[in-house]
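For reference, the structure discussed in these notes is given below.
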Amino acid sequence: MSEGTLLPERSRLVQQHLADAGVDTTIRVLPDSARTAAEAAAAIGCDVAAIANSLVFLADGEPALIMTSGGHRADFAVLTESIGAVEISLAPASVVRAATGQAIGGVAPVGHPAPLRTFLDEALQDHDELWAAAGHPHTVMPLTFEQLRVITNGAVIPVA
């Protein structure tokens, strides 16, 4: 059995999206959930700031994916200004699931039913290697900032 078939279904969709985009990375299955940046960093053995959190916000009522560094919290005032929204709020779990096809704690930057407007925390550029969820709370993947930018077509913004 190949490693890909051991992945959860949502992670296989992420893996296919990465392959289609020409991104060569390996999705890692963790023994325990990594729903928070701190849990993921501890499981991987990296700096918490190198965790690329996938957060879904409602920006003027529309879902938007904001990839933030695990090293700080997004400031709603800065975020609102950075993306040019009038109002922004964290999306409820039902909206996250509908927009991404994935559960909170496992939302990947890609592999969604339809592309989401995406923004990348400028602080993520400070790391040679980033780690992002891969479609399931037990899966993660390493990416460079450039790979993340290319696969998401994300705009680089300040969030804090």
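Odds and ends about this structure:
- Count of the range 1-30 residues which are assigned to a loop (DSSP other than H, G, I, E, B) and in contact (Cβ under 8 Å) with a residue 24 or more places away in the chain: 8
- Within the range 83-105, being assigned to a helix (DSSP H, G or I) and among the charged types (D, E, K, R) holds for one residue alone: Arg97.
- Given (1) open to solvent by less than 40 Å² (accessible area, probe 1.4 Å); (2) closer than 18 Å to Pro8 by Cβ, number of the condition Cys46 does not satisfy: (2)
- Lone unmet requirement of (1) of a type outside the set (Ser, Thr, Tyr); (2) open to solvent by 70 Å² or more (accessible area, probe 1.4 Å); (3) outside any loop (DSSP other than H, G, I, E, B); (4) in contact (Cβ under 8 Å) with a residue 24 or more places away in the chain for Arg73: (3)
- Scanning the range 76-88 for any residue that is charged (D, E, K, R), open to solvent by 60 Å² or more (accessible area, probe 1.4 Å) and free of Cβ contacts under 8 Å to residues at least 24 places away in the same chain turns up at least one such residue.
- Qualifying positions in the range 13-43 - of a type outside the set (S, T, N, Q), under 24 Å from Pro113 (Cα atoms), at pLDDT 90 or above and surrounded by fewer than 19 Cβ atoms within 10 Å (Cβ to Cβ): His17, Ala19, Asp20, Ala21, Gly22, Val23, Asp24, Arg28, Val29
- Residue within the range 35-48 that is among the β-branched types (Val, Ile, Thr), in a helix (DSSP H, G or I) and either farther than 20 Å from Ile151 by Cα or in contact (Cβ under 8 Å) with a residue 12 or more places away in the chain (or both) present: yes
- Conditions (1) in contact with a helix residue (DSSP H, G or I) (Cβ under 8 Å, 6 or more places away or on another chain); (2) open to solvent by less than 60 Å² (accessible area, probe 1.4 Å); (3) at pLDDT 95 or above: number failed by Leu55: (1)
- Candidate set: the range 27-56, residues that are out of contact with any strand residue (DSSP E or B) (no Cβ under 7 Å at 6 or more places or on another chain) and of a type outside the set (D, E, K, R); chosen: the one farthest from Arg73 (Cα to Cα): Pro31
- Among all residues of the range 138-148, there is none that is out of contact with any strand residue (DSSP E or B) (no Cβ under 8 Å at 6 or more places or on another chain) and over 22 Å from Ala49 (Cβ atoms).
- Here His127 qualifies as at pLDDT 95 or above and open to solvent by 20 Å² or more (accessible area, probe 1.4 Å).
The values are calculated or read from the model by the stated rules, or taken from the named source; none is laboratory data. Everything quoted here is computed from the prediction, not taken from an experiment. Here the Cβ is made from the backbone with ideal geometry for all residues, glycine too, and neighbour counts use every protein chain on show. With ligands, DNA and RNA removed, areas are computed over all heavy atoms of the protein, side chains included. Shrake-Rupley method; radii C 1.70, N 1.55, O 1.52, S 1.80 Å.
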